[in-house]
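Peer 1: If you scroll down you'll find the structure; I have some questions about it.
The values are calculated or read from the model by the stated rules, or taken from the named source; none is laboratory data. Fair warning: this is a prediction, and the values are worked out from it, not measured in the lab. Cβ atoms come from the backbone with ideal geometry, glycine included; neighbour counts cover every protein chain shown. Only protein heavy atoms, including side chains, enter the accessible area calculation; ligands, DNA and RNA are left aside. Shrake-Rupley method; radii C 1.70, N 1.55, O 1.52, S 1.80 Å.
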Amino acid sequence: MNLPRRILGATLGGAAVLALALACGRQRSTAPDWVGSAPAGTVVAMSGQAGWLLEQRSFQTYLAKFPYADQTLDLFLKKARIDPHLESGRINFYVLSFPDGRTPPDFLIQLGGFKDQRAVQMAITEAFPAEGSLPVRKKELPVYVILDVNQFHIRAVADPGGRIWLGDLRSLARLDSGTFPPRHPVLGATEWINARAPFQGFIQTRPMLEGLSGSVPPELARNLPQGIDALAWSVTPGDVGRNGLHRFELSITGSPEGVVQVAPWVQRFVAVASTLQGGQAGQAPEILQERKRIGLRCQLTGEQINQALARLSQPGLSGLVHRP
């Protein structure tokens, strides 16, 4: 079995273009846990370090688009007496469908990777009343009552991996459908972003563009490149300040034909990033490409990252101060 080859290609607008030919096929997925544990039907998801993410006003605004999502998270943290600023875990938000005028959107919130996940589970049992169990992949997971409002029955469950899931019973039932199978486009896309970045996200584009996830926000459908299966991104804060540069990574998967179609879109993004960087000292943007995947790595200011995230209908960042 041959090792992967790296061929340095031509320079494009100051960006290093790397073509990656993988002779032995994809290895075992190295996608972060919050992606590997995502329900298979997730169409959009984002993840952030708990205390840092909750400081982002735009994230709170984004949650408010989903009935009771922000109230659920706030109530859970307060009643369970969890201070996210003292924890190293992540808060992960999964969109399973968008509103279509007939049914409310489905969402799930996951708390994972906390220093003492068992203590978090114990806090749930002390703060919330138990209510039966939920069958998930041949296991009965205990259910705890968080909130009941109209047709919404918000509950909490802990999976065998120690992750805490919050959501309506209808959404929690989606956990039984399993996770993304091996070599899924979402897993492939997230392999090329920083798994430790304070802010990450992915979009499963095919079901969205095919209208299988409800009413897709028009601005998102308009800005998604055609011919691809999944897209992932990450933001790693660097220098503090309005003009400080931060690392932005973008990864896209699709068919070989889809990657060829999206390559000019990525190249235009690089050209714009190079122009916006305005000669500031920093690593030159680069494109990484293989048969079914293409990626971009560059450094941008906070304002430029917000512009990029806005194109993907993702919440912006009110401050890029990294608090590990």
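Peer 1: Answer yes or no: is there a residue in the stretch 221-234 that is modelled with pLDDT of 90 or more, over 23 Å from Phe98 (Cβ atoms) and open to solvent by 10 Å² or more (accessible area, probe 1.4 Å).
Peer 2: Looking through the stretch 221-234, none of the residues is modelled with pLDDT of 90 or more, over 23 Å from Phe98 (Cβ atoms) and open to solvent by 10 Å² or more (accessible area, probe 1.4 Å).
Peer 1: If I filter the stretch 254-277 for residues that are buried (at least 23 other Cβ atoms within 10 Å of the Cβ), of a type in the set (Gly, Ala, Ser), at pLDDT 85 or above and not in a helix (DSSP H, G or I), do I get at least one hit?
Peer 2: Yes: the stretch 254-277 contains one or more residues that are buried (at least 23 other Cβ atoms within 10 Å of the Cβ), of a type in the set (Gly, Ala, Ser), at pLDDT 85 or above and not in a helix (DSSP H, G or I).
Yes/no per residue for (1) open to solvent by less than 30 Å² (accessible area, probe 1.4 Å); (2) within 25 Å of Gly51 (Cα to Cα):
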| residue | (1), (2) |
| --- | --- |
| Leu141 | yes, no |
| Trp165 | yes, yes |
| Asp176 | no, no |
| Phe180 | yes, no |
| Ala189 | yes, no |
| Phe199 | yes, yes |
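Peer 1: For the stretch 278-297, give me each residue that is within 20 Å of Gln314 (Cα to Cα) and at pLDDT below 90.
Peer 2: Passing the criteria: none in range.
Residues are listed down the side, and each one gets a yes or a no for (1) of a type in the set (A, V, I, L, M); (2) within 18 Å of the chain's Cα centre (by Cα); (3) modelled with pLDDT of 95 or more:
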{"residue": "Ile124", "(1), (2), (3)": "yes, no, no"}
{"residue": "Lys139", "(1), (2), (3)": "no, no, no"}
{"residue": "Val145", "(1), (2), (3)": "yes, no, yes"}
{"residue": "Arg155", "(1), (2), (3)": "no, no, yes"}
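Peer 1: Let me ask something additional. Looking for something open to solvent by 20 Å² or more (accessible area, probe 1.4 Å), assigned to a loop (DSSP other than H, G, I, E, B), free of Cβ contacts under 8 Å to residues at least 24 places away in the same chain and under 24 Å from Asp70 (Cβ atoms) - is there at least one such residue anywhere in the stretch 108-126?
Peer 2: No, the stretch 108-126 contains no residue that is open to solvent by 20 Å² or more (accessible area, probe 1.4 Å), assigned to a loop (DSSP other than H, G, I, E, B), free of Cβ contacts under 8 Å to residues at least 24 places away in the same chain and under 24 Å from Asp70 (Cβ atoms).
Peer 1: Let me ask something additional. Could you tell me which numbered condition Gly101 fails, if it satisfies all but one of (1) at positive phi; (2) modelled with pLDDT of 85 or more?
Peer 2: Here Gly101 clears every test but (2).
Peer 1: Among Gly214, Gly316, which is the only one that is within 18 Å of the chain's Cα centre (by Cα), under 20 Å from Phe93 (Cα atoms) and either modelled with pLDDT under 90 or hydrophobic (A, V, I, L, M, F, W, C) (or both)?
Peer 2: Gly316
Peer 1: Further question: Mind checking which residues of the stretch 38-64 are closer than 13 Å to Tyr94 by Cα and open to solvent by 10 Å² or more (accessible area, probe 1.4 Å)?
Peer 2: Passing the criteria: Ala40, Gly41, Tyr62.
Peer 1: What do you reckon, is Ile154 crowded, with 17+ Cβ neighbours inside 10 Å, in contact with a helix residue (DSSP H, G or I) (Cβ under 6 Å, 6 or more places away or on another chain), part of a strand (DSSP E or B) and of a type in the set (A, V, I, L, M)?
Peer 2: Against the criterion (crowded, with 17+ Cβ neighbours inside 10 Å, in contact with a helix residue (DSSP H, G or I) (Cβ under 6 Å, 6 or more places away or on another chain), part of a strand (DSSP E or B) and of a type in the set (A, V, I, L, M)), Ile154 qualifies.
Peer 1: Of all residues in the stretch 47-68, how many are under 18 Å from Trp165 (Cβ atoms), out of contact with any Asp or Glu (no Cβ under 6 Å at 6 or more places or on another chain) and in contact (Cβ under 8 Å) with a residue 60 or more places away in the chain?
Peer 2: 5
Peer 1: Has the stretch 166-173 got at least one residue that is closer than 30 Å to Ile287 by Cβ and in contact with a helix residue (DSSP H, G or I) (Cβ under 9 Å, 6 or more places away or on another chain)?
Peer 2: No, there is no match, as no residue in the stretch 166-173 is closer than 30 Å to Ile287 by Cβ and in contact with a helix residue (DSSP H, G or I) (Cβ under 9 Å, 6 or more places away or on another chain).
Peer 1: Go through the stretch 92-104 residue by residue and tally those that are open to solvent by less than 10 Å² (accessible area, probe 1.4 Å) and out of contact with any strand residue (DSSP E or B) (no Cβ under 6 Å at 6 or more places or on another chain).
Peer 2: Final tally of qualifying residues: 1.
Peer 1: What tally of residues in the stretch 155-181 results from selecting those that are of a type in the set (S, T, N, Q) and farther than 22 Å from Val43 by Cβ?
Peer 2: Residues flagged as of a type in the set (S, T, N, Q) and farther than 22 Å from Val43 by Cβ within the stretch 155-181 amount to 0.
Peer 1: So, in the stretch 65-91, how many residues would count as being assigned to a loop (DSSP other than H, G, I, E, B) and either aromatic (Phe, Trp, Tyr) or open to solvent by 50 Å² or more (accessible area, probe 1.4 Å) (or both)?
Peer 2: So the count comes out to 7.
Peer 1: Output the residues belonging to the stretch 56-74 that are out of contact with any strand residue (DSSP E or B) (no Cβ under 6 Å at 6 or more places or on another chain) and not charged (D, E, K, R).
Peer 2: Gln56, Ser58, Phe59, Gln60, Thr61, Tyr62, Leu63, Ala64, Pro67, Gln71
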